[in-house]
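One structure is given below, encoded as structure tokens.
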Amino acid sequence: LISEIQEKCENSHWKGATRKLKRLTRHHSPLSVPEEVFIKVLETCSENRLHAARASEPARKVMEQLVEQQYSIPEKLGNYCIQNCLDDSRADSPHQGLGGVDTALATVSAMERSHSHVQSDTYEKLAIALAKDGSSSEALIMLRKLVVDRSESPPLETFATLAHHAALRNEH
């Protein structure tokens, strides 16, 4: 199964790779699955902006499996996945309702549990997505993580965007 997973990954078949990984972890002890296999499947899922976000949920699940096995999530790869869950909500967006804030939040949680560094711009993008989604209080929690917990200063544009979306919600 491991060689089949690697073959699927080499051919960029993320669906087949995740199915084989699921089968492997169900029929064998997940502890017997090397970290490299999980990472390779995650890399395959993350190609082409999470395959227009269609692979966002499988990528999240792979990251949660990495955490369960006490493996670390590669910082660059994890942040890339989070940011690409949060594409524009325009009608012409290739995401078409896939990915989204919930998947991004679950991925952030997995990264935090594995002690992988979530980058500042990832928190900023998540805060803005939460504000656009009407969750101003959760957006402020993300902003607080940056300002208070990590002593980082997001650009003023981030504060302006959050305030703008909060004001829009109060108008209706």
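The values are calculated or read from the model by the stated rules, or taken from the named source; none is laboratory data. It should be emphasised that the depicted structure is a prediction, and the values quoted were computed from it without experimental measurement. Cβ placement follows ideal geometry from the backbone for every residue including glycine, while neighbour counts extend to all protein chains displayed. Ligands, DNA and RNA are excluded from the accessible area calculation, which covers all protein heavy atoms including side chains. Shrake-Rupley method; radii C 1.70, N 1.55, O 1.52, S 1.80 Å.
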- Note on the structure: Residue by residue through the range 12-23, the couplings from Karplus 6.51 cos²θ - 1.76 cosθ + 1.60 with θ = phi - 60°, in Hz, x for Gly and Pro, are 6, 8, 5, 5, x, 5, 5, 5, 5, 5, 4, 4
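Could you tally the net charge around SER114, taking each other residue with its Cβ under 12 Å from the Cβ of SER114, Lys/Arg +1 and Asp/Glu -1? Could you put the intermediate results ahead of the total?
Working: positive: ARG113; negative: GLU35, GLU64, GLU68, GLU75, GLU112.
Residues close to SER114 contribute a combined charge of -4.
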- Cα-Cα longer than 22 Å, checked against LYS15/LYS61; LYS76/LYS145; LYS8/LYS125; LYS20/LYS61, kept in input order, equals LYS8/LYS125
- Message: Tell me the angle of helix 120-132 to the major Cα principal axis of the chain, expressed in degrees between 0 and 90 and rounded to the nearest ten.
- Response: 60 degrees
- Item | Calculated [θ] (222 nm, deg cm²/dmol) that DSSP helices of n ≥ 4 give over the chain, each run adding -39,500 (n - 2.57) | -21500 deg cm²/dmol
- What percent do you get for the relative contact order of the range 1-160 when only Cα pairs under 8 Å and 6+ apart count? 16 percent
- Name the aspartates and glutamates eligible as straight-distance cross-link partners of LYS132: C-alpha to C-alpha under 15 Å, and not fewer than 8 places from it in the same chain. ASP87, ASP88, ASP102, GLU124, GLU157, GLU171
- Message: Could you give each residue of the range 49-54 its phi-based ³J(HN,Hα) in whole Hz, using Karplus coefficients 6.51, -1.76, 1.60 with θ = phi - 60°, and x for Gly or Pro?
- Response: 6, 6, 6, 6, 6, 5
- Query: Over all Cα pairs of the range 28-172, how is the pair count split among 10 Å bins, expressed in % and running from 0 up to the last occupied bin?
  - Reply: 12, 39, 33, 13, 3, 0
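What does the charge count around PRO34 come to, taking other residues whose C-beta lies under 15 Å from its C-beta (Lys +1, Arg +1, Asp -1, Glu -1)? Don't jump to the answer; show the numbers that get you there.
Values: positive: LYS20, LYS40; negative: GLU4, GLU35, GLU36, GLU43, GLU68.
Overall, the nearby charge balance is -3.
In Å², and per residue, what accessible area does the chain have when probed at 1.4 Å with the other protein chains present? Intermediate results must be reported in sequence, preceding the final value.
Working: 9520 Å² over 172 residues.
Per-residue value: 55 Å².
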